[in-house]
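Undergrad: The structure that follows is given in the form of structure tokens.
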Amino acid sequence: MAEAAARLTARAAIALVAEGFTERTPPPPPSGPGPADGPLGWDGYGEARARARERTGEAESAVYGEAEVAGVRCVVLAFEFGFLGGSLGERTGDRITAAYRLARERRVPLVSLVATGGSRMQEGMVALAQLQRVARETVLLRAAGVPHVAVLRDPATGGGWATIGAGADVLLALPGAQIGFAGARVRPADADPAAYTAEGQLAAGQIDAVVPAGELRATLGRWLTALTRPAPGPVPPPPALGGAAGPPATGWDAVRRARAPQRPRAEAYLDVYFQERLPLVGDRCGGTDPGMLCGVGLRDGYGVVYAAQCGTATLPAGYRTAARVVRLADRLGLPVLTLVDTPGAANDAEAERAGAGASIAEAFAAVAGARVPVTTLVVGEGGSGGALALAAPGRTWVTPDSYFSVIAPEPAAAILKRPAEEAARTAEQLRLRPQDLVELGVVRGIV
């Protein structure tokens, strides 16, 4: 069951996260208020709206205006679920699109507090067409480099979830909130109810965090600071952690050092580099990869996007998540740090079915197309294209406990039809040591 805060009124939800709210109203429609029972002449619709106004004190199912969240000036858009289930009608669309425009004109973040059952049936296709208006404003907001953070209350379903909610840059949810395209009354009878909860959507990589109401204001403040204060770029690579003082003597030594269980992993590097990390979870296609850590880190009060491999074979969902956060960084002007550490991309049958090649291509394209500076540090294994997909051309460094190779020595030996014991000799021929990589000109240096 959703916690009580998820069912707050629009104004109570605003008060939960923001201060100094100044409400705005969109200009009146040029065609006037329209017929009392709406564009379809739905019998009793006018009376239902009047009752909703009397019950909630609101003129429509959405409220918007300017406010401050933890000291950051924002435009806040909040749904009033008590007004016809927070449904989207034509006049609701006026308010939503006006909120997007106001954020774009002011160049301040948009914070959406979503609680909606979807499009308003009493207005038919006129109501559904509001989703196209929202989609257009989403495109314009992204093009302007203005961040959008959505907070999903209870419920967040239908077109409101599929546009305003799922279309945001960062998706937070209150515990227990119902989230899904299908509302409770139209789901298949045998549907797993857990799939339609905030916690289920987090596990599926569809949202970024579940945040208790008492922590929401502070969490939003950290996100808004990170998204609107880009660190001066390019950022430096982290210093090497642990390990030996000098580079390895042989290629096989480099491989063994990179694979050593006690070697510091990406999470240790991120903890040293950032004062705080705000995770971005999942590929928005139903997949997550625990071996790929992505998000925005706060470093000296400034935001840096990161994507870090954790030493495992990277799944297609991991590459898609990394590509998503690099594209977000590019839109918002945030520098990027990538940490490379993988024996290679996952290549089992499940990975192939999940689009291994396409997801790697997506990551390559995101890094190659980034207009913001990308800095890369290889902290362990750099196995083939699965590692190179996250590496910044011209701005990649390596640690003394790492290697980077066209392919790992064992499969290289197998491809050359050599016995397994020839892997060490093959490693030497591959010239994969940190100092070899510097000499070959494929990395800038050893940190």
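The values are calculated or read from the model by the stated rules, or taken from the named source; none is laboratory data. Keep in mind it's a predicted model, so treat the numbers as computed, not measured. Glycine also receives a Cβ, built like all others from the backbone with ideal geometry; neighbour counts cover every protein chain displayed.
Undergrad: For the stretch 12-48, which residues satisfy the criterion of being under 18 Å from residue 127 (Cβ atoms), among the hydroxyl-bearing types (Ser, Thr, Tyr) and loosely packed, with under 11 Cβ neighbours inside 10 Å?
TA: Residue satisfying the conditions is 31 alone.
Quick grid of which residues meet (1) more than 25 Å from residue 199 (Cβ to Cβ); (2) at pLDDT below 95:
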residue: 66; (1), (2): yes, no
residue: 69; (1), (2): no, no
residue: 74; (1), (2): yes, no
residue: 104; (1), (2): yes, no
residue: 117; (1), (2): no, yes
residue: 157; (1), (2): no, yes
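Undergrad: To continue, here is another question. Could you check, for the stretch 301-314, whether at least one of its residues is out of contact with any Gly (no Cβ under 8 Å at 6 or more places or on another chain) and farther than 28 Å from residue 261 by Cα?
TA: Of the stretch 301-314, the ones out of contact with any Gly (no Cβ under 8 Å at 6 or more places or on another chain) are 301-302, 307-308.
If we keep only those that are farther than 28 Å from residue 261 by Cα as well, we get 301-302.
Taking every residue of the stretch 301-314 in turn, at least one turns out to be out of contact with any Gly (no Cβ under 8 Å at 6 or more places or on another chain) and farther than 28 Å from residue 261 by Cα.
To keep it simple, each residue is scored yes or no on (1) hydrophobic (A, V, I, L, M, F, W, C); (2) closer than 18 Å to residue 287 by Cβ; (3) not assigned by TED's automatic domain parsing to the domain that holds residue 285.
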site	(1), (2), (3)
348	no, yes, no
362	no, yes, no
366	yes, yes, no
369	no, no, no
376	no, no, no
396	no, no, no
410	no, no, no
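Undergrad: Filter the stretch 99-123 for residues that are in a helix (DSSP H, G or I) and crowded, with 20+ Cβ neighbours inside 10 Å and give the result. Break it down stepwise before answering.
TA: Going through the stretch 99-123, the residues in a helix (DSSP H, G or I) turn out to be 99-106, 121-123.
Passing the criteria: 99, 100, 103, 122, 123.
Undergrad: Evaluate the stretch 268-277: report whether one residue or more is closer than 22 Å to residue 206 by Cα, outside the structural domain of residue 203 (by TED's automatic domain parsing) and within 21 Å of the chain's Cα centre (by Cα).
TA: Pass one, the stretch 268-277, residues closer than 22 Å to residue 206 by Cα: 277.
Adding the requirement that they be outside the structural domain of residue 203 (by TED's automatic domain parsing) leaves 277.
Now drop any that are not within 21 Å of the chain's Cα centre (by Cα), which leaves 277.
So far as the stretch 268-277 goes, yes, one or more of its residues are closer than 22 Å to residue 206 by Cα, outside the structural domain of residue 203 (by TED's automatic domain parsing) and within 21 Å of the chain's Cα centre (by Cα).
Undergrad: Another question, then. Identify, by number, the condition in (1) buried (at least 17 other Cβ atoms within 10 Å of the Cβ); (2) in contact with a Ser or Thr (Cβ under 6 Å, 6 or more places away or on another chain) that residue 175 doesn't meet.
TA: Of the numbered conditions (1) buried (at least 17 other Cβ atoms within 10 Å of the Cβ); (2) in contact with a Ser or Thr (Cβ under 6 Å, 6 or more places away or on another chain), the odd one out for residue 175 is (2).
Undergrad: Now for a separate question. Across the stretch 184-199, what is the total count of residues that are part of a helix (DSSP H, G or I) and touching a residue at least 12 places away in the same chain (Cβ under 8 Å)? Steps first, please.
TA: Residues of the stretch 184-199 part of a helix (DSSP H, G or I): 193-196, 198-199.
Among the residues that remain, those that are also touching a residue at least 12 places away in the same chain (Cβ under 8 Å) are: 195-196, 198-199.
Going through the stretch 184-199 one residue at a time, the tally reaches 4.
Undergrad: Here's another thing I want to ask about it. Give the residues of the stretch 20-48 that are in contact with an Asp or Glu (Cβ under 9 Å, 6 or more places away or on another chain) and farther than 18 Å from residue 99 by Cβ, sorted by residue number.
TA: 34, 36, 37, 38, 39, 40, 42, 43, 44, 45, 46, 47
Undergrad: Which of the following residues is out of contact with any helix residue (DSSP H, G or I) (no Cβ under 9 Å at 6 or more places or on another chain), over 18 Å from residue 257 (Cα atoms), surrounded by fewer than 18 Cβ atoms within 10 Å (Cβ to Cβ) and free of Cβ contacts under 8 Å to residues at least 12 places away in the same chain: 440, 416? Walk me through it before giving the result.
TA: Details: 416 fails: out of contact with any helix residue (DSSP H, G or I) (no Cβ under 9 Å at 6 or more places or on another chain).
Residue meeting the stated conditions: 440.
Undergrad: Considering only the stretch 26-37, I want to know if a residue exists there that is at pLDDT 95 or above and touching a Lys or Arg at 6+ places or on another chain (Cβ under 8 Å).
TA: As a first pass, look at the stretch 26-37 and keep what is at pLDDT 95 or above: none.
No, that holds for no residue.
Undergrad: Has the stretch 39-56 got any residue that is of a type outside the set (Ser, Thr, Tyr) and under 20 Å from residue 153 (Cβ atoms)?
TA: In the first step, residues of the stretch 39-56 are kept if they are of a type outside the set (Ser, Thr, Tyr); the result is 39-44, 46-55.
Filter once more, keeping what is under 20 Å from residue 153 (Cβ atoms): 52, 55.
Checked against the condition, which is being of a type outside the set (Ser, Thr, Tyr) and under 20 Å from residue 153 (Cβ atoms), the stretch 39-56 yields at least one hit.
Undergrad: Quick one: residue 139 ticks every box in (1) part of a helix (DSSP H, G or I); (2) touching a helix residue (DSSP H, G or I) at 6+ places or on another chain (Cβ under 9 Å) except a single one, so which number is it?
TA: That leaves (2) as the condition not met.
Undergrad: Looking only at the stretch 68-98, how many residues end up being surrounded by fewer than 21 Cβ atoms within 10 Å (Cβ to Cβ), in contact with a helix residue (DSSP H, G or I) (Cβ under 9 Å, 6 or more places away or on another chain) and in a strand (DSSP E or B)?
TA: Going through the stretch 68-98 one residue at a time, the tally reaches 2.
Undergrad: Further question on the same structure: With 126, 63 as the choices, which residue is touching a Pro at 6+ places or on another chain (Cβ under 6 Å), of a type in the set (A, V, I, L, M) and either touching a residue at least 12 places away in the same chain (Cβ under 8 Å) or part of a loop (DSSP other than H, G, I, E, B) (or both)?
TA: Working: 63 fails: touching a Pro at 6+ places or on another chain (Cβ under 6 Å).
When all the criteria are applied, what remains is 126.
Undergrad: Residue by residue through the stretch 1-11, note down the ones that are under 17 Å from residue 85 (Cβ atoms) and either loosely packed, with under 13 Cβ neighbours inside 10 Å or at pLDDT below 85 (or both).
TA: 2, 6, 7
Undergrad: Mind checking whether some residue in the stretch 146-154 is closer than 26 Å to residue 295 by Cα, of a type in the set (A, V, I, L, M) and part of a helix (DSSP H, G or I)? Even if it seems obvious, please write down each step before you answer.
TA: Step one: list which residues in the stretch 146-154 are closer than 26 Å to residue 295 by Cα, which gives 146-154.
Restricting the remaining residues to those that are of a type in the set (A, V, I, L, M) gives 146, 149-152.
Filter once more, so that each one left must be part of a helix (DSSP H, G or I): none.
No, the stretch 146-154 contains no residue that is closer than 26 Å to residue 295 by Cα, of a type in the set (A, V, I, L, M) and part of a helix (DSSP H, G or I).
Undergrad: Residues that are aromatic (Phe, Trp, Tyr), under 17 Å from residue 329 (Cβ atoms) and buried (at least 19 other Cβ atoms within 10 Å of the Cβ): does the stretch 257-271 have at least one?
TA: Looking through the stretch 257-271, none of the residues is aromatic (Phe, Trp, Tyr), under 17 Å from residue 329 (Cβ atoms) and buried (at least 19 other Cβ atoms within 10 Å of the Cβ).
Undergrad: Then there's this: Which of the residues spanning the stretch 155-180 are of a type outside the set (Gly, Ala, Ser), without any contact (Cβ under 8 Å) to a residue 40 or more places away in the chain and part of a helix (DSSP H, G or I)?
TA: As a first pass, look at the stretch 155-180 and keep what is of a type outside the set (Gly, Ala, Ser): 155, 157, 161, 163-164, 169-172, 174-175, 178-179.
When the remaining residues are screened for being without any contact (Cβ under 8 Å) to a residue 40 or more places away in the chain, the result is 163, 171, 179.
Within the stretch 155-180, 163 is the sole residue that qualifies.
Undergrad: Next question. What residue, of 313, 322, is modelled with pLDDT of 95 or more, more than 17 Å from residue 171 (Cα to Cα) and assigned by TED's automatic domain parsing to the domain that holds residue 385? Even if it seems obvious, please write down each step before you answer.
TA: Numbers: 322 fails: more than 17 Å from residue 171 (Cα to Cα).
Of the residues listed, the single one that is modelled with pLDDT of 95 or more, more than 17 Å from residue 171 (Cα to Cα) and assigned by TED's automatic domain parsing to the domain that holds residue 385 is 313.
Undergrad: OK, next. Residues being in contact (Cβ under 8 Å) with a residue 60 or more places away in the chain and over 15 Å from residue 375 (Cβ atoms): count how many of those fall in the stretch 310-327.
TA: Taking the stretch 310-327 and keeping what is in contact (Cβ under 8 Å) with a residue 60 or more places away in the chain, we get 311, 313-314, 317, 319, 321-322.
Narrowing further to those that are over 15 Å from residue 375 (Cβ atoms): 311, 313-314, 317, 319, 321.
Residues in the stretch 310-327 being in contact (Cβ under 8 Å) with a residue 60 or more places away in the chain and over 15 Å from residue 375 (Cβ atoms): 6 in total.
Undergrad: Kindly indicate the residue of the stretch 49-64 that is surrounded by fewer than 21 Cβ atoms within 10 Å (Cβ to Cβ) and not hydrophobic (A, V, I, L, M, F, W, C) and also nearest to residue 97 (Cα to Cα) among those meeting that condition.
TA: 58
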